[in-house]
Amino acid sequence: MQIFKIALRNTSRQVRRTSLLSGAIAFGIMIIILLNSFTNGLTENVKENVSRALAGHIYITASEVTQGGIEVARVSDDGVILEAVESSGIEYTSVSHRTSFTGTLSLGSKKTEERVTGIDVAEEQMLLDSLVVKEGSIEAFLADGHSIILSEGLARSIRAEVGDEVLIRLVTQTGQNNLGEFTLGVILPDEGSFGSDRAYAHLGYVNELVNMPADASETINITLVDMEDTSEAALRLISELEKTVEIQDAAEQREAMMNSDGATGAVIDAMRDSMGIEDETDAEGEADNGQRGFGGGAPPMMGPAGRGGMFGAGITRSSLPPGTVTFKLNTIDDYTGAISQLVSTLNYIGYGVFAVLLLITMVGITNTYRMMMLERIKEIGTMRAMGVHRKQVRRIFLYEAGITAFIGAAAGLIVSLVIMLVTGLLSFPEAGDFTMLLDSGHPGYSMNPGVTVGLFIIIVLFSMLAASNPAGKAARVAPAEALRTTK
């Protein structure tokens, strides 16, 4: 403890030198914490906004063979899914039903093609509350079962205004042409470069148009309590569903989820072991990265068992017996894969920058402590003559380097927290170009405590390592020689 006190006193005596070294360390720590927190926040914001738009974190579709041998995308009986959700023990906040189709919207001579999503308004209050209304009102939409919500770009493309009658031509599940008549109730502002055109209608009317039973839907979407549990929850759900129904590509889906970023920890390892799943390699001996099935990019949103067919895009004939039903699961990770890869790249760049700054700082620390040893050689000799051991002299220098590094890291953390607090107060238009990247119009940061602690440990240890050579030389100075020096 006495040695540490001496080191702390020496650090406080060299204010200018300590400030310069701590400042360099603080800058490096600040950069990596800001970048890591920003990219983590970016990922969370995108996933949260996507999950809100898609009404959940887990999406279940089904391929059903009709009596006519046509394969259609619909869940006629949601009882087996709801039972599996309950028995799996996953923690969720809501279950919602949706049906979508791709049709041609027209008003007079103006036409445009777009995907229309039918929502159950009783289940999707969170979505309705999150919509930024530019014209019209949500109340008007709720009051009219034939009302439709369009984004500004869509409405502009057909020159539609609130109250106009919009016709939509589509093809039903079984291949017949159909025509829907909608009243434009709400216009939403465009989401900009990172968003997309949006069209929402009432689920009951959409089911009627696509020739689907009123109590059926194209997808069942599950919103979890914690988005980080998505992969684990999907694995549990697959295991429960497999007991009673057929899951398309179940092995591939399970392996992909186990290899996803969200599937970590002892629970996943236990599942992997219990199923006898081993790490696979490709022909060149490289590990399979889990991108099979629906890994690298956004998978087909709907269609027979997720094969990409959408209403109006063609009819699929099946050789399977009528009544055959096959289920498929997708998760939020399937739709945000590109963002996750971008974030990983940015983090790697940040770590690379930090490594360069760390190297430069270590060189500076080494040179600084060499000068300090020469400047304090008489002091070292005096301590040695008074009985201070070589190891104790060495520890004094190492402790000084560690204290300086810790002060710099703490300063960098404080500065980064202040920057995050101030920039987090900035407000951007919720309908601007970066809507999908924001948290209710504000930049979002998410600091990883593990990364922060790791950075502190790394910077302190490497600083002490950089000072170890000068410290060793200081410890080896002979007392008589040190006291004779005139430097």
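The magnitude of the dipole of segment 93-237, with charges of +1 and -1 set on the Cβ of Lys/Arg and Asp/Glu and taken from the Cα centre, is near 600 debye. Of the options Thr18, Ile33, Leu54, report the single residue whose Cα projects farthest towards the positive end of the charge dipole of segment 1-54 (beta-carbon charges: Lys, Arg +1; Asp, Glu -1). Checked the options; the winner is Thr18. For Glu123, no residue 5 or more places off, or on another chain, has a built amide H under 5 Å of its own. Both the radius of gyration and Dmax for segment 130-217 are 13.5, 37 Å, in that order, over alpha-carbon atoms.
Counting only residues at least eight positions apart within a chain, or on another chain, the lysines with an alpha carbon under 21 Å from that of Lys473 are Lys378, Lys391, Lys487.
The calculated pair-distance distribution of segment 45-113 uses every alpha carbon pair, bins of 10 angstrom beginning at 0, and gives 14, 33, 31, 18, 4, 0 percent. Packing around the peptides 125-137, 217-229, taken as the average count of other Cβ atoms within 10 Å per residue, puts them in this order, highest first: 217-229, 125-137. Projection of the Cα convex hull of segment 25-167, averaged over all directions and equal to a quarter of that hull's surface, yields 14.4 nm².
Can you give the Rg/Rh ratio of segment 368-481, where Rg is from the C-alpha atoms and Rh is the Kirkwood radius? With Rh from the inverse mean 1/r over Cα pairs, Rg/Rh is 1.31. With both labels modelled 7 Å from their Cα along Cα-to-Cβ, the Val225 to His146 distance reads 4.4 nm. Placing one equal scatterer on every Cα of segment 121-178 and applying the Debye formula, the log10 ratio I(q)/I(0) at q = 0.18, 0.20, 0.25 Å⁻¹ is -0.79, -0.91, -1.11.
Quick note: the coordinates plus some simple rules give every number you see, no bench work behind them. Predicted, not measured: the structure shown is a model, and the values here were computed from it. Positions of Cβ are generated from backbone atoms using ideal geometry, with glycine treated the same way; all protein chains shown enter the neighbour counts.
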